[in-house]
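*Asks:* Take this structure, written in structure tokens, and hold onto it; I'll ask about it next.
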């Protein structure tokens, strides 16, 4: 005898109605509003503020004007800087360092492990503004880092002026490594201890245990981690608190570029077009990772 559902269909819809309203109001409606605005010359001030004109694809044509595409302060140059930032900070920095810390402290206990994990998690959960001011003081010409370098006889430099991209890569790596570390630590905890014990019996060295046992078992988690931190890093705005996109647009990553055009210069139409391009890039990045993940699942 088939059991009747506890709730009727109409009552079930009442429970999910708030979620539907929330999604429509805060996700679907803003998306279509930005999409529509990207085809206008809408601004905050001036004649186009009250009576924006439909300009078709002109905003997109201006963005992809290859005569000025790679100039500093233009979209092509901003995307190049963003690629450097994502590769250095997310793929090499956060994922690599997070995996290294998780493997080094796997099945270990003690003061060192707890200290490292506590500091990494603290860096992750402290508010952005607080962390940015701390790093600004750390990298300042008269800051903590240069004081330590001067103490050992090395002349300090202006890190945010001379090496701005390296500075924000190190900052964002320090800021976000905790997520990858915790994800990989949880994944390592799920691996049966007998695997590593067998490797010890046959005399496998640490690199062989990592390459032949841990890495294959962690590959699914690595893909998940890369999807998330790539998208987060691609869209992060926190480096603005350190450099403001400067000096001379050297850290003008795509999130800062979007802010500068849309909210500093108040070119809402142009800024909306940039936002739509950024959304497409995000979808492409996620699709590539998901395709790789699905292909791997099919092979196995």
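*Asks:* Using the Kirkwood radius over Cα pairs, work out the Stokes-Einstein diffusion coefficient for region 131-180 at 4 °C and 1.567 mPa s, in µm²/s as a whole number.
*Replies:* Estimated diffusion coefficient is 113 µm²/s.
*Asks:* Separate question: For region 164-300, compute the orientation-averaged projected area of the C-alpha convex hull (one quarter of its surface), in nm².
*Replies:* About 10.6 nm², averaged over all directions.
*Asks:* Between residue 189 and residue 134, what FRET efficiency comes out of the Förster formula 1/(1 + (r/R0)^6) with R0 = 41 Å and r the beta carbon distance, rounded to 0.05?
*Replies:* 0.85
*Asks:* In units of 2.2 N^0.38 Å, what is the alpha-carbon radius of gyration of region 250-300?
*Replies:* 1.63
*Asks:* Taking the convex hull of the alpha carbon atoms in the chain, what volume per residue do you get, in Å³?
*Replies:* Hull volume over Cα atoms, normalised by residue count, gives 252 Å³.
*Asks:* In addition: With no solvent and one equal point scatterer placed on each C-alpha of region 106-232, evaluate the Debye formula and give log10 I(q)/I(0) for q = 0.10, 0.13 Å⁻¹, two decimals.
*Replies:* Evaluating at q = 0.10, 0.13 Å⁻¹ gives log10 I(q)/I(0) of -0.50, -0.75.
*Asks:* Here's another thing I want to ask about it. Relative contact order, percent, of the chain when contacts are C-alpha pairs under 8 Å separated by at least 6 residues?
*Replies:* It rounds to 28 percent for the chain.
*Asks:* Order these by the 10 Å Cβ neighbour count, fewest first: 276, 148, 75.
*Replies:* Result, fewest neighbours first: 148, 276, 75.
*Asks:* What is the fewest-to-most order of 177, 224 by other Cβ atoms lying within 10 Å of their Cβ?
*Replies:* By the 10 Å Cβ count, ascending: 224, 177.
*Asks:* Between region 88-142 and region 49-80, how many Å separate their Cα centres?
*Replies:* Measuring centre to centre over Cα atoms gives 37 Å.
*Asks:* More than 17 Å apart: what percent of Cα pairs in region 211-286 qualify?
*Replies:* Counting every Cα pair in region 211-286, those more than 17 Å apart make up 57 percent.
*Asks:* Can you put 154, 126 in order, fewest other beta carbons within 10 Å first?
*Replies:* With the fewest neighbours first, 154, 126 line up as 154, 126.
*Asks:* Extending each Cα 7 Å along its Cβ direction at residue 107 and residue 33, get the distance between those two points in nm, one decimal.
*Replies:* Taking the two extended label points, one gets 5.5 nm.
*Asks:* Would you give the gap between the C-alpha center of region 160-201 and the C-alpha center of region 232-300, rounded to a whole Å?
*Replies:* One Cα centre to the other: 23 Å.
*Asks:* Please express the Cα-Cα pair-distance distribution P(r) of region 1-100 as a list of whole percents, one per 5 Å bin, running from 0 to the bin with the greatest distance.
*Replies:* 2, 9, 8, 9, 11, 12, 12, 10, 8, 7, 5, 3, 2, 1, 0
*Asks:* May I ask you to work out the translational diffusion coefficient for region 71-140 at 4 °C, viscosity 1.567 mPa s, via Stokes-Einstein with Rh from the Kirkwood sum over Cα pairs, reported in whole µm²/s?
*Replies:* Rounded to a whole number, D works out at 88 µm²/s.
Throughout, read-outs are computed from the coordinates displayed, never taken from laboratory work. What you see is a predicted model, and the numbers here were worked out from it, not measured in a lab. When we count neighbours, we look across all protein chains shown, and the Cβ atoms used for this are built from the backbone with ideal geometry, even at glycine.
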